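Report on one structure; see the data block that follows.
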Amino acid sequence: MFIDAKDLPSEHLIECDLCIIGAGAAGITMAREFIGTGIRVVLLESGGFRMDEKTQSLYRGKNVGIPSFNLDVNRLRYFGGTTNHWAGHCRPLAPIDFEKKAWVPHSGWPITRKDLDPYYIKAQPILGLGEYKYEDLDYFTTQTGLPTLQLDENRLKTAVYNQSPPTRFGKVYRKEIKRAQNIEAYLNANVLELETNGNATEITGLKAACINGPEFSVKAKQYVLATGGMENARLLLLSNRANPKGLGNDKDLVGRFFMDHVLLRPGLDVSYSQLGLNLELYNRKHRAAGGRMFTVLAATEKLLRREKINNFRIHLVASGAMYKLPFGGVFSDIDGFQDANPPVKARNNSIAFHLVLEPVPNPDSRITLSNDRDLFKQRKIDVNWQLSDADLNNAYRALELAALEFGRLGLGRGYGEIFKNKKVWPGNLEAGRHHCGTTRMTDSDNSGVVDKQCKLFNTENLYIAGSSVFPTIGYANPTITIVALALRLSEHLKGKLS
Amino acid sequence: MVMATALVGTGCSLNFGPSIEELAKKATALLRHPELAKQIGQQYLEQLTVLSKPNQERLVSEILAGTGIDPNNASYFSLLDLEDELTAKVRMDFTLERIVKVNGWVLSATEAQLCALLAIVAKV
């Protein structure tokens, strides 16, 4: 059922078995897993069913590092969370993304890809996707009748992506949550602080409030923080009565290792050497296997291990770039392109390569509390997104490899701003808006904030769900991994609570 | 379209092959957009140091190196043969990463050299 927290009496106490803070992809997934279990679940959502300006203003903060999108633009603070505007791109993280890699400092998850596989499969229908066939490229080429590029497997491969409708969790699962007898979903419920015992080994309750409304508390046996890659860290830092550094922050790791995908759109423009190059499998969506799919170029594992670079993908996007055909045609002459005056306009003769690069985990890229205050007089956040020289070198090499492959195949020549000066990021550097890493999962509290069950180290009944637990992020969009981890955590908590 | 012209030497021995200028002219005839190719060639030459700036002879030698064409016997090869050989070499350049960056473009060393040769020939 849904309850507007504004209608609660002041100082009301809510008691339950499991309290989930945040109703985005992770929070709603977890709540659904407990439907019909007899476990009393409280789901707390800051906003209502629609965006409102005052609630959304609670997301404001500052970018103090690399310029990026405003913090209240990327994130949505109402029921369904950021799924209310996500693009729907889905692919699991690769097995190598979970490994500790000698050439990537601070890499390594305490779980493997195999540990998550059953949950990835379960996540597919939740996200409105088709059959789980990410590694069966032949299936899709047969189904669609479309060709793939004959890439050198020592460099690049064609990787399958699934396209969610996209599933807006707040709309799609609203009725289910409403009907669930054992779920109370509170709207307009802003959690201000997690309260603990003296040495913070146990959460004893939480304080919440409505904007211009009552304050209330929740007491649960188990708590899950599922408020997103930035806000999870913020709430831990704000909950600082037992430890002035913040909850779970003895080792000053909460908020550190903030990661976002590095985007260059485009990173490369390729002027075609040949007409009639069929890239439809890459630059359009197709129905297959009960869902929709498309493909991207991606690094092969061989490449990553040989060259010791970070993972990346490249989208091929039909381009309006005004590449003068004759310029590309200079090289097409050598490629054996026979017709010097093809009957197509210049705008059809190039394709944009959009790079999405996995960043190197960087402890100096971090979220901290600022001195600015929100409507509840709580400290906002400063986001100091930082990238390293290694990230720039990886971007350069990724785009160079793409240009090499198109040249090798006689398909065209690549142009990129990055090739004019390899010491400077091109002016179109962007963030992917995938906020990760700020409460990272590791096997020791010396290097992370949560353990492999996503439980806060040294605090017995607080878990974290969402992309803030990712210690590395691969190139894949995070949503399906967020849902898979939420399913895994639900299973773990069912065992604890039943 | 490229005119396939098989030139057969008459009474020529290995020591009397085509001149560098003739080879350069033949090679650069493959470029159907000479003005743009000259621009690329010029930009490529500008980024080379004074000491490494090549002349026609050196460029011809480097362009034909690794192909099936012997500069001393080049008159026995048609333009089509030359085109085929250079196409294959350019592809191999990308395989082996024999590449150069010219004003943001990722080019095969061979095609950059060909453009540079045209730029030099045009000045002569």
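The number of residues in region B:33-61 that are within 15 Å of the chain's Cα centre (by Cα), within 12 Å of another protein chain (Cβ to nearest Cβ) and part of a loop (DSSP other than H, G, I, E, B) comes to 1. Every condition in (1) closer than 22 Å to A:MET230 by Cα; (2) buried (at least 20 other Cβ atoms within 10 Å of the Cβ); (3) under 22 Å from the mean Cα position of the chain (by Cα) is met by A:LEU116 except one, and the failing one is (1).
Within region A:401-409, one or more residues are at the interface with chain B (Cβ under 8 Å from one of its Cβ atoms), modelled with pLDDT of 95 or more and under 15 Å from A:PRO266 (Cα atoms). Against the numbered list (1) within 14 Å of another protein chain (Cβ to nearest Cβ); (2) at pLDDT 95 or above, A:GLY416 comes up short only at (2). Entry remark, region A:457-489: residues being in contact with a helix residue (DSSP H, G or I) (Cβ under 6 Å, 6 or more places away or on another chain), in a helix (DSSP H, G or I) and either among the aliphatic types (A, V, I, L, M) or surrounded by fewer than 24 Cβ atoms within 10 Å (Cβ to Cβ) (or both) number 7 in total. The set of residues from region B:62-90 being within 10 Å of chain A (Cβ to nearest Cβ), farther than 15 Å from B:THR28 by Cβ and touching a residue at least 12 places away in the same chain (Cβ under 8 Å) comprises B:ALA88, B:LYS89. Scanning region A:482-498 for residues that are in contact with a strand residue (DSSP E or B) (Cβ under 7 Å, 6 or more places away or on another chain) and of a type outside the set (D, E, K, R) yields a total of 3. Do we find a residue being in contact with a strand residue (DSSP E or B) (Cβ under 9 Å, 6 or more places away or on another chain), surrounded by fewer than 20 Cβ atoms within 10 Å (Cβ to Cβ) and either at pLDDT below 95 or assigned to a loop (DSSP other than H, G, I, E, B) (or both) anywhere in region A:223-238? There is no residue in region A:223-238 that is in contact with a strand residue (DSSP E or B) (Cβ under 9 Å, 6 or more places away or on another chain), surrounded by fewer than 20 Cβ atoms within 10 Å (Cβ to Cβ) and either at pLDDT below 95 or assigned to a loop (DSSP other than H, G, I, E, B) (or both). Inside region A:446-456, residues that are in contact with a helix residue (DSSP H, G or I) (Cβ under 9 Å, 6 or more places away or on another chain) and among the charged types (D, E, K, R) make up a count of 2.
Restricting attention to region A:241-264, the residues being surrounded by fewer than 16 Cβ atoms within 10 Å (Cβ to Cβ) and either under 29 Å from A:GLU430 (Cβ atoms) or free of Cβ contacts under 8 Å to residues at least 24 places away in the same chain (or both) number 3.
The values are calculated or read from the model by the stated rules, or taken from the named source; none is laboratory data. Because the structure is a prediction, the values reported are computed rather than measured. Cβ sites come from the backbone with ideal geometry, for glycine too, and all protein chains shown count toward neighbours.
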